[in-house]
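Report on one structure; see the data block that follows.
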Amino acid sequence: MSKMESENIYYEGRIKVPYKWYVGETGSRFFIALRDKKEIWGIRCPRCRKVYVPPVKNCWECFIPTKEWVRLKDTGTLESFTVVHYPNEVIPKKPPVVYGLIKIDGADGSLLHFVGDIDISELKTGMRVRAVFADERAGNILDIKHFAPIP
Amino acid sequence: MGKRTAIVGFGQTYQRSSRKDVNGVELINEAVIAALADAELTIKDIDAVVIGNMDHFEGINYVDMWSVEGSGGVMKPIMKVTTGGTTGTTVAMCAYYHVASGMFDKVLAIGWEKNSESDTTGAIITAFDPIWERPNIGGAIAGLAVEASKYMDNYGITERDGARVAVRERLHALNNPYAHLHQEWMKGMEADKIVDLLVTSEQNQMLAYPLRMSDMCPRTDGAAAVIFASEDIAEKIAPIPAWVISTANRHNYVYLGDINWDANDTLEAASRKVFEKAGVKEPLKEIDICEIYLPYSYAGLKWMESIGFCGPGQGPRLVWDGVTDMDGELPVNPSGGVMSSNPIGATALLRVGEAAWQIMGKAGPRQVKKDVNLALATGFGGCNWADVMLLGKKRPS
Amino acid sequence: MEKIAIVGVGQTTYEKSKEDTFAEIVFEAATLALSDAGGDIGDIDNVVTVSNDFWDGRTISSMAVMDAAGSWDKDISTVEGDGIFGALYGMMRSLSGSFNTTLVVAHVKGSEGKMNLITNAMFDPIYQRGLGIDATSSAALQARCYMEASGAIEEDFALVSVKNHRNAINNPYSQLPMEITVEDVMKSKKIAEPLKLLDCSPISDGAAAIILTNESGLKRFKKDPVWIRGVGHCSDSYTLGYRDLANPRALKDAAYKAYKMAGIKDPMKELDAVELYDAYSYMEPLWYEGLGLAPEGKGPDLIKSGATNMNSDLPVNPSGGVISAHPVMVAGLARLIEAVLQIRSEADKRQVKGAKTALAHGINGPCGQAHGVFIVGI
């Protein structure tokens, strides 16, 4: 029997399924305030008093519904950051891109977002930052353009 | 030897076409809270969590991780299992094995879906082999239509026979406040008359012969949660727990093209195994109610034969004789079944939860009017994945 | 509780790109495990496969490996998560009374997808995904949190990369055996600061399988058993920003349970080898703390002390670890296989002399949200 020819054939594909994710009533209130008033709101657990931002419908430690909305400032502290040097299809910016965990004043945890208007060499944890809102706001997390250092 | 295991709680959201008011995590939370309330437990009582859905139906990778804050899994052991349409029963079986292993006493099983947010058919197409079958197979309906027409040809089955199953499911759903489809217009009408309407109405669109719109399951947003507990505490939690008597599954096909269209042989093999382990010899006589995963009407004929409730080609007689109606010898799908609510990742878990509630006597307006000692639940999924679980009132020996 | 043994292990080599299909590598790993055990597929009562639909680019990814995993006419289920969780489920099934023997097989072909896009999809679509965050950029945030909490510097993390890539030289299955220096790591390309190229694992192709049995099923196989002495698993919360990334409390919980079951009081003394999930260099000292090998904030001191090097007190990742080969979904199962090989004294050049008790660790979710721990021994 003669030897069969061989070559590594591959088949290219892409899973492209459209999605829309409903934010829910709780998250929608957060985004409406952000979009229409440039305000950041958190929500407080009635038992442990923890303030969540983005808001949650239930406290995941106490496992009870949250109710009390809390208006937060647009300032906070940079808890951690990274400078990303690679581009890809899902990062809406060109590298270097700075991600930060920003503990907004009055919240009990941090918000994941971009840090901008900054010389990368000046980045340090603990630095004070303020939200810079996008000029065109659509009711999503990019209504905050990024957080910038407070001079 | 493993621990005997029982279902002690079941909860679900109302099954609806679209839940715009909540996101996925919040939807899951509703079902979990409902199940905990049903068992009169708190999340602190839960030792481990099992969850499942299909990644591309929601566009979320690692759903178990993403949903942990709603599912109650924070600082608990959590595991994701997923097998397609069967996911709900696969989750139930996984929770069962968690408890039966002796490693956990109280385990929460969760299934969920927000069908309204994605193109489910687009996602289902990606279940097929990208090289050999994806370019030429069109989602779930086509395969089911092939099965139905083959079955019709084999046994002289008519479109009226298929429609009769659809009518049963929709009439039963009228008793279930949680069901997605409530076809109020059918209320009080003779089954026969509704069948005539369904097979002649031009409004009842033909999707892929012989399947009309009324032969198919809907797309639903919803979640379900079931709590499993060990023999040590099940009776302390629930006055009448629903014991897992036996469970088995089979999945023998990779390619749709390989499926034996003459018989649902994976469901047949899994059922045989379950009955063998439980000592059930005459399923029709011994089993009191069924919650069978019937994604479309003709399955309610052919798959009854596969499970062993009747011989080949005899499914229609069983259904026309009223045996599977609410007041029949073997009520099938008192909940209205998959054809009335289909939140895919939760669908098969709903079968388990509904079957358990029939045993526990908690099914309210859809509770069958007879003593329920044995209840059967099944799941069906991609390339004839078949899960079967038999529940009983009597604690297994 | 009844005891469960691991009687067969099999793994493919881990490579940047394999030509074989998913099913072919699953078949390779499964048959290797069967022959290692001295049994055949007829000795297997049920099967657990491990795969992920995003990584496989396929809905119901497990549907594609039914025949390759030998599950025809058997009970089968699928865990979507790291392979260590597949092993946990396999163990439960062998304990349940329904089955004696379980084959667990995990696979991935990282080369066929795009890591950044796939791991971006594990972040919340509403609040986080739109920012483009992925496994590496989120890990970088965790690395920085850990540096703040422990005082670690980048050079400390580099030591992990140096140690583990060197260990990989002794492991024919590993993808990146390398003799490198701290300076090499520090000078390597910046990826997501503070992480550099040599702080990051590669993305690999490969499959791994194990065979579990209860005592009744043991006689079917020729291989001497390695016993599972303890297990534990636990998940922390999800939202980045609300989880203390520098305190792996879920790992502490999982390890505590596993140690308690195994009767281990001082893991640093009682363990002979550890295989942990170092997807990024900083994870190793952080997981030391989670595993109780170092006190809080002292993980960096342990790596600096050299105590976790080969031929030292407690060799960690003799195989070269995940940083040297990272088949996602498989890597935790590969850790367990390596632990088993250590106990059997079959680890060839990477053997830790006289190893009697070994720990294997796997993770799930962003920044090690969930952890699974196995203790195995004679």
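Read-outs: derived from the displayed coordinates by stated rules, not from any lab. Bear in mind that the values here come from a model prediction, so they are computed numbers and not experimental data. Virtual Cβ from ideal backbone geometry, glycine too; neighbours counted across all protein chains shown.
Here's the picture: charge each Lys and Arg Cβ at +1 and each Asp and Glu Cβ at -1 in the protein assembly as shown, and of C:MET261, A:VAL53, B:MET189 the one pushed furthest to the positive end of that dipole is A:VAL53.
Per-residue 3J(HN,Hα) values for region A:44-53, derived from phi via the Karplus relation 6.51 cos²θ - 1.76 cosθ + 1.60 with θ = phi - 60°, read 9, 6, x, 9, 8, 6, 5, 9, 9, 9 Hz in sequence order (x marks Gly and Pro). In the calculated pair-distance distribution of region C:199-332, the portion above 20 angstrom amounts to 55 percent of the Cα-Cα pairs. Each residue of region B:113-121 was assigned a 3J(HN,Hα) from its phi angle through the Karplus expression (A = 6.51, B = -1.76, C = 1.60, θ = phi - 60°), giving 6, 10, 4, 5, 8, 9, 9, 4, 4 Hz with x at Gly and Pro.
If you put +1 on each Lys and Arg Cβ and -1 on each Asp and Glu Cβ, how big is the dipole of chain C around its Cα centre, in Debye rounded to 20?
Details: 36 positive and 48 negative charges, 122 e Å.
The calculated dipole for chain C is roughly 580 debye.
Taking amide H positions as modeled 1.01 Å from N, with prolines and chain starts lacking one, the residues under 5 Å from B:ILE245 and 5 or more places away or on another chain are B:LEU390, B:LEU391, B:GLY392.
The radius of gyration of the Cα set in region B:1-114, together with its Dmax, comes out at 13.5, 47 angstrom.
Provide the packing ranking of C:70-77, B:334-341, i.e. peptides ordered by the mean count of other C-beta atoms within 10 Å per residue, highest first. All intermediate terms of the calculation are to be shown ahead of the outcome.
Numbers: C:70-77: 21.6, B:334-341: 27.9.
The packing order, highest mean first, is B:334-341, C:70-77.
Taking other C-beta atoms within 10 angstrom as a stand-in for reagent exposure, B:VAL352, C:VAL9 fall in the order C:VAL9, B:VAL352, fewest first. Where both bridge residues fall in region A:24-149, DSSP classifies roughly 95% of the beta bridges as antiparallel. Highest-first packing order for the peptide set A:115-121, C:56-62 is C:56-62, A:115-121, based on the mean count of other beta carbon atoms within 10 Å. With coordinates expressed along the principal axes, the C-alpha atoms belonging to region A:24-149 extend over 42, 29, 24 Å, beginning with the largest.
Using the number of other C-beta atoms within 10 angstrom as an exposure proxy, rank B:LEU181, C:LEU302, C:LEU88 with the fewest first.
Working: B:LEU181 19, C:LEU302 22, C:LEU88 30.
Exposure proxy ranking, most exposed first: B:LEU181, C:LEU302, C:LEU88.
Of the peptides C:111-121, C:151-161, the ranking by mean beta-carbon count within 10 Å, highest at the top, reads C:151-161, C:111-121. Scaled to the globular estimate 2.2 N^0.38 Å, the Cα spread of the protein assembly as shown, given as radius of gyration, is 0.92.
Averaged over peptide B:97-107, the number of partner chain Cβ atoms lying within 10 Å of each residue's Cβ comes to 5.
Evaluate the charge dipole of the protein assembly as shown about its Cα centre and quote only its size in Debye, nearest 20, assuming +1 on the Cβ of each Lys and Arg and -1 on the Cβ of each Asp and Glu.
Values: 97 positive and 116 negative charges, 372 e Å.
Here the size comes out at about 1780 debye.
Select from B:ALA166, B:VAL332, B:TRP303 the residue farthest towards the positive end of the dipole of chain B; place +1 on Cβ of Lys and Arg, -1 on Cβ of Asp and Glu, and compute about the Cα centre. My answer, from the dipole projection, is B:VAL332.
Using the Cβ of B:ALA35 as centre and a radius below 14 Å, the other residues enclosed give a net charge of -3, where K and R count +1 and D and E count -1. Among the lysines of region A:24-149, pairs at least eight places apart or on separate chains and with Cα atoms under 19 Å apart come to 15. With a Förster radius of 41 Å applied to the C-beta separation of C:MET186 and A:LYS38, the computed FRET efficiency comes to 0.45. For C:MET122, nonlocal amide neighbours, meaning residues 5 or more places apart or on other chains whose placed amide H falls under 5 Å from its own, are B:ASN61. Sorting C:GLU270, A:GLU7, C:GLU215 from the fewest to the most surrounding beta carbons within 10 angstrom yields A:GLU7, C:GLU215, C:GLU270. Using a cut-off of 25 Å between Cα atoms, the listed pairs B:LYS3/C:LYS252; B:LYS277/B:LYS394; A:LYS16/B:LYS114; C:LYS298/C:LYS353; B:LYS3/B:LYS369; C:LYS219/C:LYS349 include B:LYS3/C:LYS252; C:LYS298/C:LYS353; B:LYS3/B:LYS369; C:LYS219/C:LYS349 as exceeding that distance.
Converting phi to 3J(HN,Hα) with the Karplus coefficients 6.51, -1.76 and 1.60 and the offset θ = phi - 60°, region B:185-191 yields 4, 7, 4, x, 7, 5, 3 Hz in sequence order, with x at every glycine or proline.
Taking each residue in B:384-393, count the Cβ atoms of any other chain within 10 Å of its Cβ, then average. What number comes out?
On the way: counts 1, 6, 0, 2, 0, 0, 0, 0, 0, 0.
Averaged over the peptide's residues, the number is 1.
When chymotrypsin sites (Phe, Trp or Tyr not before Pro) are flagged only if DSSP places them in a loop and at most 15 other Cβ atoms lie within 10 Å, the longest unflagged stretch of chain A comes out as A:12-151.
Would you calculate the volume per residue, in Å³, of the smallest convex hull containing every Cα atom of chain C?
Values: hull volume 45.1 nm³, N = 378.
Taking the convex hull of the Cα positions in chain C, it is 119 Å³ per residue.
How big is the charge dipole of region C:139-231 about its Cα centre, in debye rounded to the nearest 20, if each Lys and Arg gets +1 on its Cβ and each Asp and Glu gets -1 on its Cβ? If you can, show how the numbers build up before the last one.
On the way: 12 positive and 12 negative charges, 121 e Å.
Dipole magnitude for region C:139-231 comes out near 580 debye.
Would you mind getting the Kirkwood hydrodynamic radius of region C:298-378 from its Cα pairs, rounded to one decimal in Å? Don't skip to the answer; put the middle values down first.
Values: mean 1/r = 0.0747 Å⁻¹.
Evaluated over region C:298-378, this radius sits at 13.4 Å.
Express in whole angstrom the spacing between the alpha-carbon centres of region B:300-348 and region C:339-376. Comparing the Cα centres of region B:300-348 and region C:339-376, I get a distance of 49 Å. The Kirkwood radius of chain B, taken over pairs of alpha-carbon atoms, gives through the Stokes-Einstein law at 20 °C and 1.002 mPa s a diffusion coefficient of 104 µm² s⁻¹.
Loop-located GluC sites (Glu not before Pro) in region B:94-199 (DSSP state not H, G, I, E or B) with no more than 13 neighbouring Cβ atoms inside 10 Å: B:GLU190. Taken residue by residue and averaged, Cβ atoms of other chains lying within 10 Å of the Cβ of B:197-204 number 0. For A:PHE114, nonlocal amide neighbours, meaning residues 5 or more places apart or on other chains whose placed amide H falls under 5 Å from its own, are A:GLY100, A:PHE147.
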